[in-house]
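First up is the structure itself, then whatever we jot down about it.
None of the figures in this text is laboratory data; all of them are computed from the coordinates on show. In this text the structure is predicted, and so the values were computed from the model without any measurement. Every residue, glycine as well, gets a Cβ built from its backbone with ideal geometry; the counts of neighbours run over all protein chains shown.
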2 protein chains.
Amino acid sequence: MTKLEVVFLGTSSATPAKKRNLPAVVIRREGEVVLMDCGEGTQRRFLELGLGINKEMVVLITHLHGDHVNGLLGLLQTMSMSQRGKRLTLVGPEGLYLWVKTSMEMLQIGLSFDLQFVAARPGVVLRREAYLIRCARANHSVEAWSYVFEETPRPGVFDSRKAVALGVPEGRKWSTLQHGRSVTVDGRTVRPREVLGPRREGRRVGYSGDTRPSATLARLFAGVDLLIFDSTYATRDADKAADRRHSTSVEAAELAKKAGVRRLALTHFSARYRTVSALVKQAREVFPETFAASDGMFVDVPAKAQ
Amino acid sequence: MTKLEVVFLGTSSATPAKKRNLPAVVIRREGEVVLMDCGEGTQRRFLELGLGINKEMVVLITHLHGDHVNGLLGLLQTMSMSQRGKRLTLVGPEGLYLWVKTSMEMLQIGLSFDLQFVAARPGVVLRREAYLIRCARANHSVEAWSYVFEETPRPGVFDSRKAVALGVPEGRKWSTLQHGRSVTVDGRTVRPREVLGPRREGRRVGYSGDTRPSATLARLFAGVDLLIFDSTYATRDADKAADRRHSTSVEAAELAKKAGVRRLALTHFSARYRTVSALVKQAREVFPETFAASDGMFVDVPAKAQ
């Protein structure tokens, strides 16, 4: 099974704390990287964690607040200085591209690679061979988007005994069936479903960015394997969460429960809390499969039980 | 004597290295801070080094390349989120203010304090009670400026025995003389120079930013107590230094010698060198009072011998 992992680069909210950098999360899968938000210091975290900035990369930006994008210009500049040749795809609110282009001109940052911009919109915004990116509106103080990374489903497990019993000889015809296409044996058609188990769904990772919980997000994140959700505040500061269009850890847990996700990672913690153990405890009472993200944490997203 | 110290926040050149952050240097003097350049991650270094971002502050930007300014937006945002009230003065190339204003609008960064901008120009650009900032053109690939921080000179040491001998009674009249003004005793005028030693010159710290060495800079930095100079390259890469409008460590040392400075701090090291000991060694052959700056280094600038 291909390894799929999530790496937390920064887990603070708008101001950095001593042990938490500004928001940035990476999804890694077979040499491809999806970076979600790009707070100040992101390029340095890539260096420290040995992630490599010159891989195939898609950058998803949730919204145009400084703390979620201030690392972007430096990342693009360093990529160019290391002669990156691979295209980079940037997804985010319409205004993002204008800011990046304007700043690159003013700061004389020339790019060594092709920068493709895709404006966020509800639905599937990007398709790659191995995965797609799904998007929905978040509920924050400015235009904001939440994302789901979704692996392409794979055909079911091939049952070689059934193939033999049906008279299909080992070799090219097995491979054709394994790839989901029918073959003909002695004038008879053998269909993939006769020799394959049920289709294996891809794994999914959801990322909320800054948001209030909402029915839209409960739908977007339905059944994801790992949900990374705004958990800026503890319940005692619920009024601040409502006021500033963020979520408490319990609100994150309630949404995770409603959406039926497998695991919930809390992130984007306010610097006002010395530790986040109370936030995790409160959330676990609602949704036990909850943990607090921390800077430098690698989380494996295992295959689903078939 | 008031403590004057220099703190190196970032000593890399355009791309960060594992142990070197992007360019930023602080001068601290009695609760006032002068920040020179503001590479990505500067606000985090302030936090880690306990420097405090809400002090009286002047920010001097040498030029508009991303690696020297990418930390500015995040620093301004965090200052505002912590309700900074004190004015902040920003000095730099004309285009700097446009980029900051444009980005603040696009990223919706509102300021809680008054941001004053002063365009760099040759000569004295800023005067405070305790110091002034002097400026001259550097020689880089874009408009670039070098700066000198210069303490206000103080009157000489007060000789109380001379004052007594001249019949000046201890008290308000001593204080008046100490502040450089004459007093009258029994109808006779006593002048400050009769009771004070020679005027004590202020300490001076020079910062080159990215530049080739030049006669202009040798004049600007003449006799400074500490010169912080571009030392991107080793001598074997002198062609790159010339090509990219930077300096080698030896060129920095030659300028330091010509300018008659007290000490030379090399900085802005290219990430290509695993260690910078060769650069320091080469420079010391020309100017022995040379050292390599490193991230998190505090350097005391002692008073001059009187």
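Taking A:Val276, A:Val164, A:Val69 as the candidate residues, the one with maximal mean-square fluctuation in a Gaussian network model of chain A, Cα springs under 10 Å, is A:Val164. Computed from the C-beta positions of A:Phe291 and B:Thr2 and an R0 of 56 Å, the FRET efficiency is 0.65 to the nearest 0.05. Go from 0 up to the bin containing the longest alpha carbon distance in chain B, width 10 Å each, and give me the % of pairs per bin. Here the calculated profile for chain B is 6, 26, 31, 19, 11, 6, 1, 0.
The phi torsions of the range B:72-87, fed into the Karplus equation with coefficients 6.51, -1.76 and 1.60 and a -60° offset, translate into couplings of 5, 4, x, 5, 5, 5, 5, 4, 5, 5, 9, 6, 4, x, 5, 4 Hz, rounded to whole numbers, with Gly and Pro shown as x.
Residues whose amide H lies under 5 Å from that of A:Val157, counting only those 5 or more places away or on a different chain, are A:Gly197; hydrogens are built 1.01 Å from N in the peptide plane. Helical runs (DSSP H, four residues minimum) scored at -39500 (n - 2.57) apiece and divided by the length of chain B put the mean residue ellipticity at 222 nm at -7000 deg cm²/dmol.
Once both axes come from the Cα atoms, what is the angle between helix A:277-286 and the longest principal axis of chain A, in degrees from 0 to 90, rounded to 10? The answer is roughly 50 degrees. Take the Cα of B:Glu94, step 7 Å toward its Cβ, do the same at B:Arg121, and the gap between the two points is 1.1 nm. Can you tell me how the protein assembly as shown classifies by the Cα gyration tensor, rounded, prolate or oblate, using a/c under 1.5 as the rounded cut? Prolate, since a/c reaches 1.5 and a/b exceeds b/c. By the count of other C-beta atoms within 10 Å, a proxy for reagent exposure, A:Tyr207, B:Tyr131, A:Tyr97 are ordered fewest to most as A:Tyr97, B:Tyr131, A:Tyr207. Hey, with R₀ at 51 Å, roughly what FRET efficiency would B:Arg193 and B:Thr102 work out to, going by the Cβ-Cβ distance, to 0.05? For B:Arg193 and B:Thr102, the calculated efficiency is 0.40. When both bridge partners sit in the protein assembly as shown, DSSP labels roughly 55% of those beta bridges antiparallel.
Taking every DSSP bridge with both residues inside chain A, close to 55 percent are antiparallel. Shielding by partners for peptide A:39-48, expressed as the average number of C-beta atoms from other protein chains within 10 Å of each residue's C-beta, is 5. Of A:Gln83, A:Gln282, A:Gln108, the residue with the greatest mean-square motion in the GNM of chain A, using alpha carbon springs below 10 Å, is A:Gln108. Inter-label distance, A:Ala222 to A:Arg284: 3.0 nm, where each label sits 7 Å from its Cα along the C-beta direction. Between B:Val33, B:Val142, B:Val224, the Gaussian network model of chain B with springs among Cα atoms under 10 angstrom shows the greatest mean-square fluctuation at B:Val142. In terms of other Cβ atoms within 10 Å, B:Phe287, A:Phe117 run from fewest to most in the order A:Phe117, B:Phe287.
The mean of 1/r over all distinct Cα pairs in the range B:104-227, once inverted, gives the Kirkwood hydrodynamic radius of 18.1 Å. For the range B:184-306, the relative contact order is 24 percent, taking Cα pairs closer than 8 Å that sit 6 or more residues apart in sequence and dividing their mean separation by the residue count. Shielding by partners for peptide B:69-78, expressed as the average number of C-beta atoms from other protein chains within 10 Å of each residue's C-beta, is 6.
The residue list A:Ser141, B:Trp99, B:Phe287 was ranked by how far each Cα lies along the charge dipole of the protein assembly as shown toward its positive end, using unit charges on Cβ atoms, and B:Phe287 comes out on top.
Which GluC sites (Glu not before Pro) from the range B:125-201 combine a DSSP loop assignment with at most 16 other Cβ atoms within 10 Å?
Sparse-neighbourhood loop GluC sites (Glu not before Pro): B:Glu129, B:Glu143, B:Glu170, B:Glu201.
Across chain A, the mean sequence separation of Cα contacts (distance under 8 Å, 6 or more residues apart), normalised by length, yields a relative contact order of 17 percent. Distance between the 7 Å Cα→Cβ label points at B:Ala130 and B:Glu56: 0.6 nm. Note on A:107-118: average number of Cβ atoms from other chains within 10 Å of each residue's Cβ is 2. Among the trypsin sites (Lys or Arg not before Pro) within the range A:165-196, which fall in a DSSP loop and have no more than 14 other Cβ atoms within 10 Å of their own Cβ? Answer in residue order: A:Arg181.
Taking amide H as placed 1.01 Å from N in the peptide plane, the amide H of B:Leu4 sits under 5 Å from that of B:Val301, each at least 5 places away or on another chain.
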